[in-house]
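Asks: Okay, handing you the structure first.
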Protein chains: 4
Amino acid sequence: MGANTFGIHFCLTTFGESHGEAIGGVIDGCPSGLTIDFDMIDEELRRRRTGTNSAMSQRKESDKVIFLSGIFEGKTLGTPIAFMVRNEDARPSDYDDIKDIYRPSHSDFTYQQKYGIRDHRGGGRSSARALLPCVVAGSIAKQILSSYNISISSYVTQIGEARSEAFSAEEIMSILDDVKKEKDSVGAVVRVEVDNVPVGVGEPYFRKLQSVLAQAMFSINAVKGFEYGEGFRAASMRGSECNDVFVNSDGVIRTASNHSGGIQGGISNGEKVWFNVAFKPIPTIMRPQQTVDVKGDEVVYDVEGRHDVCAVPRALPVVESMTAMAILDLLIH
Amino acid sequence: MGANTFGIHFCLTTFGESHGEAIGGVIDGCPSGLTIDFDMIDEELRRRRTGTNSAMSQRKESDKVIFLSGIFEGKTLGTPIAFMVRNEDARPSDYDDIKDIYRPSHSDFTYQQKYGIRDHRGGGRSSARALLPCVVAGSIAKQILSSYNISISSYVTQIGEARSEAFSAEEIMSILDDVKKEKDSVGAVVRVEVDNVPVGVGEPYFRKLQSVLAQAMFSINAVKGFEYGEGFRAASMRGSECNDVFVNSDGVIRTASNHSGGIQGGISNGEKVWFNVAFKPIPTIMRPQQTVDVKGDEVVYDVEGRHDVCAVPRALPVVESMTAMAILDLLIH
Amino acid sequence: MGANTFGIHFCLTTFGESHGEAIGGVIDGCPSGLTIDFDMIDEELRRRRTGTNSAMSQRKESDKVIFLSGIFEGKTLGTPIAFMVRNEDARPSDYDDIKDIYRPSHSDFTYQQKYGIRDHRGGGRSSARALLPCVVAGSIAKQILSSYNISISSYVTQIGEARSEAFSAEEIMSILDDVKKEKDSVGAVVRVEVDNVPVGVGEPYFRKLQSVLAQAMFSINAVKGFEYGEGFRAASMRGSECNDVFVNSDGVIRTASNHSGGIQGGISNGEKVWFNVAFKPIPTIMRPQQTVDVKGDEVVYDVEGRHDVCAVPRALPVVESMTAMAILDLLIH
Amino acid sequence: MGANTFGIHFCLTTFGESHGEAIGGVIDGCPSGLTIDFDMIDEELRRRRTGTNSAMSQRKESDKVIFLSGIFEGKTLGTPIAFMVRNEDARPSDYDDIKDIYRPSHSDFTYQQKYGIRDHRGGGRSSARALLPCVVAGSIAKQILSSYNISISSYVTQIGEARSEAFSAEEIMSILDDVKKEKDSVGAVVRVEVDNVPVGVGEPYFRKLQSVLAQAMFSINAVKGFEYGEGFRAASMRGSECNDVFVNSDGVIRTASNHSGGIQGGISNGEKVWFNVAFKPIPTIMRPQQTVDVKGDEVVYDVEGRHDVCAVPRALPVVESMTAMAILDLLIH
């Protein structure tokens, strides 16, 4: 199976470099006869494109999705659904400054070493833009999940040192503006909650629900950590406080607490599935940084232009999309 | 691909319930012509079986591995290597107390709901004993990795509230003995370090090194969190402190720091690969707990016998084994 | 995915050399809650072991299947079903005559070249005995298919130059005895018919029903050809005679003829699925043959002992088993 | 793994309906740093498009391949290579005559039954046009194989009742013109030869060289039979005539004959790999045929327009392409 394919039953194969002809994907295994809500896909792409406001990167992308196959008269055929988004033109010279440099904590170096060649323009395949196809496919996955009454939501719960269960968009932007003024970037934590996952989703031993979710999350650029339920906090806990005791709730077996994050033994238990995802700071910062060029000479790398200072909130639709595909793939097994 | 198979090139398929006839596995894709060090496998199994001392569970298991195929005159044939360990006899009546009960934070409930049937004896397939085949295969993976000079080590860095980069075995046992006296269990964090991973291991987009490591770690019972490099700490950091700048170190391109955990863009960069794994407390505790039985009636569950109070240190060889298989699978791609 | 695994949903991983410790397999993906008919499995193994009589190879094998996991109180658990059959002891010296020789049209040479090592005893992994696990898994597949009312039958339709739609066992044995007297071996054709395959089985583009059946058949030793429906005869036909016109048969859409073999566009159409499989003559014959040894020296190879002279009728249960697994794997998709 | 993906290491995922927006594919696993010969791809597509002359279907297709990703400055990046060919406009009304009819021996019926929906225009996904992406990917595979000195050739050896090892293009066209005048279609056999396959290609047990080749061939529309080496003729043969004895040919171990088709035990033996593929007659014929419509009513189906009367010679580049991908996928394992 190719490394650019996610999923076994609802399979997404993605392609595309940031400044190549197009980026896109092929969904294989989508059920037939579904009416696709194209507006919802566009709305999800808009969420990814703009974040919530001015602190976000200003690349003007129309991100118009063109469906190439698998849909007939608005309905899925059961055949592969291919789609693409054309990349806007950029003059090659726009990227001459990074052509021969390995930017710190970017993947210029590892791609060059692994493949012996790389498309340096905008990070090529390793650009966050390469996640766009995940949002298209994830949006379709969400539409299918909604027919099972399964819904996914995500929240920023930490930006740098600031923690909150209920950040407002204004608070987030205020923090990011401060970081921007300091010509720096910052990390974040996102919390995801999935409601109404039925009991039984997840396949021991190696396709446990948490394993597939983790694989999905670590596919996202800048993700450094994943924990479900109490996660790393569980390491500090005693069994007597961390266990979820079963109760009979009006004839339904439920757990009295949900430290487990809705998963036991790799299988959903009917409670809310919840987990946290940690993002490192965006590696591009508006300060001069020491690095080396492709010849190995030490040089100073100084960025121009406008760049995001934090992966969130733009990453939220990506996180939700990967979550949707992970759960759908196990659900329709 | 079956859910009980890990890996694409060095593939392990595991089988077995805790008290069935045997547990074991089949390794497909092991290179031919290797001389297997059987003593090293036995030693790794001993590490898993005994932990370091008396706080550990007392099940008497000889864990003798019987190789069924794939090895001829001590050398691998390139054909599937099947192996098994017979389970010691247990009287079915030994498990009558849990036959009709859903133990809190165990997977009795989810297995029963998913499959409509379960082998209740000792947790059946969800027993930690089902990880034993991973240690056999992981030991062989380690032997192969050592021919590449790649070595894996793991340490307990946290038990409950206690944190240390250098716990002694005595300290660990002292903490666990205290927990045991309180008839409770406790969580832990394990740190893993992999030395000499060459540049280029990991396959964007969906088989990134961190994705495969995460999938591997979450296959292990009781694991609740995985982070690599700075992990969740990176969420609190600024780009200016988290970035790893490149330097020319005697003609070799290296990074001056290693917040990245040896991975950039999903591909190893030649630095030490390091990550942390969080374990929840063992759910079995020596106190009465509220729960429900299979009919949905609320009952009190009170355990007898001797049980582990912490996943570590017994989990260390399992963590290392899954790490070895993850890296080998990507390395021999 | 390992090369020793067949199927994606009902997955069989096989292992074992002819004279290693054991041969066997692991079935992953078998539905839970099934009551296994062990006698039926034994009967299928008996068919494979003995063919119909004295022309068959005389190796005394008890072929007792030992189930190691996945079955609890006679029912499938939904977890991997591992099983093995121990190989009877053979003195290594029994095979000294072929240890250093590449037998004509056997795979001694290709295994040695590919792996740099081989288990020469009885052909090792390339022995027809390595198909035994397919019969175990195929028997279980047949049991599941029978719950869908799907049944599989196979017939010998050609042995050497002799062709018949209705060979009796006596006729077959008479032909084989003649071949045996001539110290030679002979090829054969087997016809397979599968009744009651529902419409819709098969997955374009690359998992078409005929593709999966073909992959299955060519897994069987000595198979040289596969054709479905009219097969190679269709090459001689005109469209006007080969087309299957649709008719309305009491409200059900059927085809008036079945040149297509029950498959159109890779998908079953509800008619009988039928196909033919060609076997080459068994390469071991009781005559001296020219060959080379492992050093490349030309030598004469002269066989002792008793050997089959034809793959059939012993191959019939193997053919049916692979058919059952192919259809089941696509059916439960 | 999706059913529209072929290969494990050199993976092609195809998409597209005959009259949808575009058809195309994504190649995952192509080595990096290759200079692509685009002219050769165009030439292979031209072979597929036109066959050799006037008996061929007259659809005017420019078949211009647009590469969307994975190639930078003419070289492969090691990332997914996506490509597409836009479908020429067709008025929907052009296909009104077959919208509600199940054409005999086409897959209208099976697609409709399986998916509950179908794109009827030109056969939709089941059109032979959907094989075009295989030719693009297969051409790239051929280019890579040529660097190993491996070459593939194919010949028409039978058309209807006519058999020849050396049909000229004129002879083929003459036969097809006759068939056309009779308003009929006809089947054919193609022979494929692969030179310079090194010893060791093929993976027992279930990814044997012949198994993968067979899966590849049966992916092609209208293919009804596959045999390698002597194939079905081997069924008529004695071991003494079918065996390939080994000889020492100037220090190289070779076989004196090649009845085996270059494969023993599923692994190439260094001799020429050769096999035959049988095609049924094109199901569309210029005569009225009985059939049923989607409501189940019996109707007469009468075709207009111009259609191929035989799958060959247009199928030759498709056969070669699938062969190239099958061998490459096993070779770079």
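The values are calculated or read from the model by the stated rules, or taken from the named source; none is laboratory data. Computed from a prediction, not measured in an experiment: that's the story for all the values here. When we count neighbours, we look across all protein chains shown, and the Cβ atoms used for this are built from the backbone with ideal geometry, even at glycine. All accessible areas refer to the heavy atoms of the entire protein, side chains included, with ligands and DNA or RNA removed. Shrake-Rupley method; radii C 1.70, N 1.55, O 1.52, S 1.80 Å.
Asks: Has the range A:179-186 got any residue that is free of Cβ contacts under 8 Å to residues at least 12 places away in the same chain and surrounded by fewer than 24 Cβ atoms within 10 Å (Cβ to Cβ)? Outline the logic, then answer.
Replies: Let us first name the residues in the range A:179-186 that are free of Cβ contacts under 8 Å to residues at least 12 places away in the same chain, namely A:181-182.
Then keep just the ones that are surrounded by fewer than 24 Cβ atoms within 10 Å (Cβ to Cβ); that gives A:181-182.
Yes, because at least one residue in the range A:179-186 is free of Cβ contacts under 8 Å to residues at least 12 places away in the same chain and surrounded by fewer than 24 Cβ atoms within 10 Å (Cβ to Cβ).
Asks: What number of residues in the range D:86-119 are in a strand (DSSP E or B) and out of contact with any helix residue (DSSP H, G or I) (no Cβ under 6 Å at 6 or more places or on another chain)? Break it down into steps so the answer makes sense when it comes.
Replies: Restricting attention to the range D:86-119, the residues satisfying the condition of being in a strand (DSSP E or B) are D:86, D:101-102.
Still in the list and also out of contact with any helix residue (DSSP H, G or I) (no Cβ under 6 Å at 6 or more places or on another chain): D:86, D:101.
Final tally of qualifying residues: 2.
Asks: Just to be sure I understand, how many residues within the range C:24-54 are within 7 Å of chain B (Cβ to nearest Cβ) and closer than 28 Å to B:L77 by Cα?
Replies: 4
Asks: Looking at (1) open to solvent by less than 10 Å² (accessible area, probe 1.4 Å); (2) touching a residue at least 60 places away in the same chain (Cβ under 8 Å); (3) farther than 19 Å from B:S154 by Cα, which is the only condition B:L331 fails?
Replies: Unmet for B:L331, out of (1) open to solvent by less than 10 Å² (accessible area, probe 1.4 Å); (2) touching a residue at least 60 places away in the same chain (Cβ under 8 Å); (3) farther than 19 Å from B:S154 by Cα: (1).
Asks: Where residues in the range D:73-94 are more than 24 Å from the chain's Cα centre (by Cα), closer than 30 Å to A:Y115 by Cβ and not small (G, A, S), which of them is surrounded by the most Cβ atoms within 10 Å (Cβ to Cβ)?
Replies: D:T79
Asks: Now a separate question. Answer yes or no: is there a residue in the range B:272-287 that is more than 30 Å from B:E182 (Cβ to Cβ), at pLDDT 95 or above, more than 8 Å from chain A (Cβ to nearest Cβ) and open to solvent by 10 Å² or more (accessible area, probe 1.4 Å).
Replies: Looking for residues that are more than 30 Å from B:E182 (Cβ to Cβ), at pLDDT 95 or above, more than 8 Å from chain A (Cβ to nearest Cβ) and open to solvent by 10 Å² or more (accessible area, probe 1.4 Å), one finds at least one in the range B:272-287, hence yes.
Asks: A further question follows. Taking A:S260 as the residue in question, decide whether it is surrounded by 21 or more Cβ atoms within 10 Å (Cβ to Cβ), closer than 28 Å to B:E241 by Cβ and more than 21 Å from the chain's Cα centre (by Cα).
Replies: Judged against the criteria, A:S260 is not a match.
Asks: Can you name every residue in the range A:51-72 that is surrounded by fewer than 16 Cβ atoms within 10 Å (Cβ to Cβ) and at pLDDT below 95?
Replies: A:N53, A:S54, A:Q58, A:R59, A:K60, A:S62, A:K64
Asks: May I pose another question? Just for the range A:242-257: of the residues that are among the aliphatic types (A, V, I, L, M) and outside any loop (DSSP other than H, G, I, E, B), which one is most open to solvent (accessible area, probe 1.4 Å)?
Replies: Across the range A:242-257, the extreme among qualifying residues is A:V252.
Asks: Take the conditions under 27 Å from C:L12 (Cα atoms) and within 14 Å of chain A (Cβ to nearest Cβ) and apply them to B:H120. Does it pass? Steps first, please.
Replies: Values: under 27 Å from C:L12 (Cα atoms): yes; within 14 Å of chain A (Cβ to nearest Cβ): yes.
Judged against the criteria, B:H120 is a match.
Asks: While we're on this one: For the range B:95-118, how many residues are open to solvent by 70 Å² or more (accessible area, probe 1.4 Å) and touching a residue at least 24 places away in the same chain (Cβ under 8 Å)?
Replies: Residues flagged as open to solvent by 70 Å² or more (accessible area, probe 1.4 Å) and touching a residue at least 24 places away in the same chain (Cβ under 8 Å) within the range B:95-118 amount to 2.
Asks: Look through D:D302, D:D293 and report the one residue that is under 21 Å from D:D94 (Cα atoms) and modelled with pLDDT under 95.
Replies: Of the residues listed, the single one that is under 21 Å from D:D94 (Cα atoms) and modelled with pLDDT under 95 is D:D302.
Asks: Just checking, which of D:L131, D:L176 is within 30 Å of D:P31 (Cβ to Cβ), in contact (Cβ under 8 Å) with a residue 12 or more places away in the chain and open to solvent by less than 20 Å² (accessible area, probe 1.4 Å)?
Replies: Selected residue: D:L131, the only one of D:L131, D:L176 that is within 30 Å of D:P31 (Cβ to Cβ), in contact (Cβ under 8 Å) with a residue 12 or more places away in the chain and open to solvent by less than 20 Å² (accessible area, probe 1.4 Å).
Asks: Here are the criteria: (1) within 7 Å of chain A (Cβ to nearest Cβ); (2) free of Cβ contacts under 8 Å to residues at least 60 places away in the same chain. Tell me which single one B:S257 does not satisfy.
Replies: (1)
Asks: When residues of the range D:93-122 are filtered for being among the charged types (D, E, K, R) and closer than 15 Å to D:T284 by Cβ, how many remain?
Replies: Summing the residues that are among the charged types (D, E, K, R) and closer than 15 Å to D:T284 by Cβ in the range D:93-122 gives 5.
Asks: On to the next question. Show me the helices (runs of 4 or more DSSP H) entirely contained within the range C:128-241 in which 2 or more residues are more than 7 Å from chain D (Cβ to nearest Cβ) and closer than 30 Å to D:T14 by Cα.
Replies: Qualifying helices (runs of 4 or more DSSP H): C:209-218.
Asks: Considering the range B:289-315 alone, what residues qualify as being open to solvent by 20 Å² or more (accessible area, probe 1.4 Å) and under 30 Å from B:I144 (Cβ atoms)?
Replies: Matches in the range B:289-315: B:R314 only.
Asks: Please go through the range D:2-23 and pick out each residue that is of a type outside the set (F, W, Y) and in a loop (DSSP other than H, G, I, E, B).
Replies: D:G2, D:A3, D:N4, D:G7, D:I8, D:H9, D:G16, D:E17, D:S18, D:H19, D:G20, D:E21
Asks: For A:F10, which of the numbered conditions (1) more than 10 Å from chain D (Cβ to nearest Cβ); (2) out of contact with any strand residue (DSSP E or B) (no Cβ under 6 Å at 6 or more places or on another chain); (3) open to solvent by less than 10 Å² (accessible area, probe 1.4 Å) fails to hold?
Replies: (1)
Asks: Does the range D:30-50 hold any residues that are crowded, with 17+ Cβ neighbours inside 10 Å, modelled with pLDDT of 95 or more and within 19 Å of D:M84 (Cβ to Cβ), and which are they?
Replies: D:C30, D:I36, D:I41, D:E44, D:L45
Asks: Looking at D:G265, is it facing chain C (nearest Cβ under 7 Å), touching a residue at least 24 places away in the same chain (Cβ under 8 Å), open to solvent by 20 Å² or more (accessible area, probe 1.4 Å) and under 18 Å from C:A311 (Cα atoms)?
Replies: So D:G265 passes the test.
Asks: Could I ask something else about it? Condition test on B:E193, is it more than 26 Å from B:A130 (Cβ to Cβ), touching a residue at least 24 places away in the same chain (Cβ under 8 Å) and of a type outside the set (A, V, I, L, M)?
Replies: Considered against the rule, which asks whether it is more than 26 Å from B:A130 (Cβ to Cβ), touching a residue at least 24 places away in the same chain (Cβ under 8 Å) and of a type outside the set (A, V, I, L, M), B:E193 comes out as yes.
Asks: Quickly run through the range A:20-29 and pick out the residues that are open to solvent by 10 Å² or more (accessible area, probe 1.4 Å) and out of contact with any Cys (no Cβ under 9 Å at 6 or more places or on another chain).
Replies: So the first thing to find is which residues in the range A:20-29 are open to solvent by 10 Å² or more (accessible area, probe 1.4 Å), and the list is A:20-21, A:28-29.
A:G20, A:E21, listed by residue number.
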